[in-house]
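S.K.: Questions regarding the structure given below will be posed in turn.
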Amino acid sequence: MLFCRCLVLTITLCYCGAAFHVATDKLSSKSLKGINMISRTKVVLIKCGSYDFQEILPAVERLFTALGGIQTFVRAGQTVLLKPNLLSSHRPDEAVTTHPEVVRALIRLVKQAGATPIVADSGASAINIESIWEKTGFRALCAEEAVPLLNLEKAGSRHFDFNGIPFSIAKPVLEADVVISVPKLKTHVLTVITNAVKNMYGTIPGYQKTMLHKQFHDPVSFGRFLASLYAIVKPSLTVSDAIIAMEGNGPSNGNPVHYGFLAASSDGVALDTLVCHWLKINPRRVPYFSFLKESGAGETQWQAIDVAGDSPSQFPFRPMKLPSVFIGKTAPAWLYHWLGPLLWIRPLMNERCTACGLCVRSCPVSALTLIKGKPPVLIPHQCIQCCCCHEVCPAGAVILQQSLLMRLVHHPSRLKEWITRLLRSTR
Ligand code: SF4
Ligand code: SF4
């Protein structure tokens with residue numbers, strides 16, 4: 001019985017995969033024919049090889065020059081909230097968080113424009129914001145630059161509702177005159193990439209973010225929520241830190257990769273669109289893109305975006321390695337319902353675990369227990385596969401394991417190989 005179910009599933013997926021590739025090809029040739037030569041959106045790309053401040057400051061100045069000057073976004077007397085990605089406790093060279101030197105350059109330029117910068121974010125979990133500030137270098141940065149560093153957990157929030165599900169956004173983000181988002185470009189096991197759009201999820205106070213994963217634990221519903229959130233907290237400008245990005249099993253357990261650029265736009269959607277185009281990521285795999293397209297939150301067609309600054313041809317962009325584990329659903333929902341128990345992704349704690357308990361406290365459904373200083377134990381049937389434990393672990397000790405069938409679902413080529421071998425062996 002199980003064998004028959006697997007066979008039906010594999011054949012269906014092969015056809016689905018083939019149909020998807022054909023559809024993608026048709027789509028790209030169609031959109032190429034319809035290129036609109038009048039640009040509506042601008043993304044600036046600037047080469048920057050290292051985090052040496054002497055290199056970053058002129059690079060950020062060039063970004064602003066290409067966008068019409070900092071005065072286009074910031075006026076004297078305004079409060080400017082800089083929103084980096086401070087996901088969890090990692091050193092800047094681990095490429096999990098926005099590098100403080102990029103934010104330092106923005107602080108200096110905002111001050112020069114006569115405005116008041118503040119820095120604020122909320123980590124993946126509310127529990128350890130102080131240690132995040134310490135390890136990421138942001139406490140030191142803000143002390144050196146005499147700039148307030150806000151704890152968005154304690155700064156008050158305003159309530160919103162998304163399809164009957166309540167959530168809050170930190171007040172300082174809503175009340176600042178200008179918001180400049182400063183994401184770190186990374187891969188993400190749930191959303192494929194995290195950059196301009198996903199960075200704004202950090203405007204929701206910490207533990208609430210974790211609990212929202214319980215409501216939106218599949219990539220499609222989470223993508224729909226992210227797109228709606230972005231419409232509320234759309235920043236005036238996004239400056240993406242891709243000098244050293246993260247590929248593989250991001251957002252906290254992947255590998256740093258040197259891309260050597262900063263990119264900026266007043267349209268974060270356009271910025272994410274071009275990043276996908278440059279790094280050969282199919283935007284149809286990014287769960288929030290279709291919702292952004294529907295809502296018209298920004299430009300999702302790379303052909304309609306103007307690139308200013310350095311030419312993309314100067315960069316040896318190599319395709320970004322995507323997560324080997326992907327929580328996204330690539331098969332029809334009825335198949336998941338039918339074969340649910342055989343399609344799973346589960347966290348496994350390896351020897352790096354220090355038994356700090358952070359993942360246990362961050363799990364929205366209490367699927368992890370910690371016993372006498374040992375690595376947490378998973379209660380499999382309780383896990384909703386949200387990957388919060390993977391995101392918050394400061395030791396990179398959470399490995400996401402996939403069932404055999406899940407591996408096959410996410411790799412149609414292996415699936416085809418497997419079917420061929422199976423059919424041969426039954427002849
Ligand atoms: S897996 Fe990571 S977060 Fe969880 S207890 Fe171990 S070190 Fe802490
Ligand atoms: S164990 Fe990890 S992946 Fe599973 S529900 Fe808890 S935080 Fe999410």
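Read the figures in this text as sums done on the coordinates, not as results from a lab. Please read these numbers as outputs of a predicted model, since none were measured by experiment. Here the Cβ is made from the backbone with ideal geometry for all residues, glycine too, and neighbour counts use every protein chain on show.
S.K.: For the residues D52, D267, what sequence is obtained by ranking on other C-beta atoms within 10 Å, fewest first?
M.R.: D52, D267
S.K.: Rounded to the nearest 0.05, what FRET efficiency is calculated for T65 and A146 with R0 set to 35 Å and r the Cβ-Cβ distance?
M.R.: That pair, T65 with A146, gives E of 0.85.
S.K.: How much length is gained if the chain between R91 and D177 is pulled fully straight, taking 0.36 nm per residue apart and subtracting their Cα-Cα distance, in nm to one decimal?
M.R.: Contour length minus the Cα-Cα distance gives 27.9 nm.
S.K.: Moving on to the next point. Given a cut-off of under 8 Å on Cα pairs at least six residues apart, what relative contact order in percent is computed for region 41-314?
M.R.: Working: 593 pairs, mean separation 66.8, N = 274.
RCO, region 41-314: 24 percent.
S.K.: Moving to a separate point now. With +1 assigned to the C-beta of every Lys and Arg and -1 to the C-beta of every Asp and Glu, and no other charges, what is the dipole magnitude of region 41-314 about the Cα centre in debye, to the nearest 20? Could you put the intermediate results ahead of the total?
M.R.: Working: 25 positive and 24 negative charges, 87 e Å.
Magnitude of the dipole: close to 420 debye.
S.K.: Given Cα pairs under 8 Å that are at least 6 residues apart, what percent is the relative contact order of region 81-203?
M.R.: On the way: 203 pairs, mean separation 38.0, N = 123.
Relative contact order for region 81-203 comes out at 31 percent.
S.K.: Another one. Fewest Cβ neighbours within 10 Å first, please rank T300, T194, T72, T97 accordingly.
M.R.: Lowest to highest Cβ neighbour count: T72, T300, T194, T97.
S.K.: Under the rule of at least 5 residues apart or a separate chain, name every residue whose amide H is placed under 5 Å from the amide H of A308.
M.R.: Amide H to amide H, under 5 Å and 5 or more residues apart or across chains, A308 pairs with V43, V44, L45.
S.K.: Students often get this wrong, so check it: of K214/K321; K171/K214; K135/K209; K83/K171; K42/K234, which have C-alpha atoms separated by over 19 Å?
M.R.: Going by Cα-Cα distance, K214/K321; K171/K214; K135/K209 fall outside the 19 Å limit.
S.K.: Can you sort C359, C276 so the residue with the fewest Cβ neighbours within 10 Å comes first?
M.R.: Values: C359 27, C276 22.
By the 10 Å Cβ count, ascending: C276, C359.
S.K.: Also, I was wondering about something else. Computed from the mean reciprocal separation of all distinct C-alpha pairs, what Kirkwood hydrodynamic radius does region 195-292 have, in Å?
M.R.: 14.3
S.K.: Whose amide H sits under 5 Å from the amide H of L237, counting only residues 5 or more places off or on another chain, with H placed in the peptide plane?
M.R.: V179, S181
S.K.: May I pose another question? Across region 41-314, what fraction of all alpha-carbon pairs, as a whole percent, falls in each successive 5 Å bin from zero upward?
M.R.: Final binned percentages: 1, 6, 14, 19, 21, 19, 13, 6, 1, 0.
S.K.: A follow-up question, please. I want the antiparallel fraction of DSSP beta bridges within region 41-314, as a percent rounded to 5.
M.R.: The antiparallel fraction comes to roughly 50 percent.
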